[in-house]
Amino acid sequence: MKLTDALNRRYATKAFDATKKLPEAVVEQLFALLRLSPSSTNIQPWHFIVASTEQGKARLAKGAGGSYSYNESKILNASHVVLFCARTQVDEAHLQNVLAAEERDGRFTAKPEVKIAAHNTRLAYLNEHKYIKKDVPHWLEKQVYLNMGSFLLGAALLEIDAVPLEGLDQAILDAEFDLNSFDLTAVTAVALGYRADSDFNAGLPKSRLAVDDIFTLI
Ligand SMILES: Cc1cc2nc3c(=O)[nH]c(=O)nc-3n(C[C@H](O)[C@H](O)[C@H](O)COP(=O)(O)O)c2cc1C
């Protein structure tokens, strides 16, 4: 599919056909999107809870009660729902985990000092956010949003319907999955599947600000 076709095809799906499930081969590609997303210094400050069973989706739907109940049926009727979680902090164990993965994946074979440089660069960025900008959780969460952005485009290229769901009670989801104990917190979710014939949003035209409103060409 051409990029512009995917951009126009993608839309916030408001009603999913509960009878249609994503094929396993597509799910694998969606996992690759999540895993291969870029992040600053490759810090990968995320974890993904993927619900595809009725029980799993019901657990996620606990975050869509009360004033978020407009999102409940999207979670329950989607084929798969990904809860994007962000690390609340980065400790030495996580830094060493990333470094070990980079070594395993063969990134330090040319010169051993590259490994030290990779670690030091990551630590320097982390320390800048910790001690100077004082925005570590916010910085980490931004990496998660970047992942979600590329995930949405990738899903569209795979001709999968999806909707990002920021309208969730993150505290309820944190408690449901005991996320804080793992230095994680729920950020946002994406429900995926196939649009229902009844989805009012499928036929509406896309609306965006005009080109002149948003670009400055220099
Ligand atoms: C970060 C983010 C959070 C969103 N949260 C919700 C949500 O909770 N429920 C929902 O139905 N749509 C949600 N949306 C969908 C937006 O309303 C939609 O993307 C926007 O109106 C543009 O329309 P389009 O995606 O159909 O092009 C969210 C979108 C983004 C990017």
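No value in this document is a laboratory result; all are computed from the given coordinates. Just so it is clear, the model here is predicted, and its values are computed rather than measured. Every residue, glycine among them, receives a Cβ derived from its backbone with ideal geometry; neighbour counts consider all protein chains shown.
Listed values, structure above:
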| quantity | calculated |
| --- | --- |
| Angle in degrees between helix 113-127 and the longest Cα principal axis of the chain, rounded to the nearest 10 | 60 |
| All aspartates and glutamates inside 18 Å of K130 as judged from Cα atoms, apart from same-chain residues fewer than 8 positions distant | D91, E92, E141, D183 |
| In Hz, Karplus ³J(HN,Hα) per residue of segment 74-80 (6.51, -1.76, 1.60; θ = phi - 60°; x = Gly, Pro) | 5, 5, 6, 9, 5, 6, 9 |
| Phi to ³J(HN,Hα) by Karplus 6.51 cos²θ - 1.76 cosθ + 1.60 over segment 149-157, Hz, x for Gly, Pro | x, 5, 5, 5, 5, x, 4, 5, 5 |
| Three semi-axes of the equivalent ellipsoid, the chain, Cα gyration tensor, whole Å, largest first | 32, 22, 18 |
| Using alpha-carbon coordinates, inclination of helix 24-36 to the longest axis of the chain, degrees | 40 |
| Proximal charge balance of A93 [Cβ under 14 Å; K/R count +1, D/E count -1] | -1 |
| Two-site FRET efficiency, N42 against N201, from Cβ-Cβ distance with R₀ of 30 Å, rounded to 0.05 | 0.25 |
| Segment 83-184 shape via C-alpha gyration tensor axes, a/c threshold 1.5 | oblate |
| Cα-centre dipole for the chain with unit charges at Cβ (Lys and Arg positive, Asp and Glu negative), debye to 20 | 340 |
| Loop trypsin sites (Lys or Arg not before Pro), segment 18-115, which have at most 15 other Cβ atoms in a 10 Å radius of their Cβ (DSSP) | K20, K21, R107 |
| Within straight-line cross-link reach of K14, aspartates and glutamates at Cα separation under 15 Å, skipping those fewer than 8 residues along the same chain | E72, D161, E166, D197, D199 |
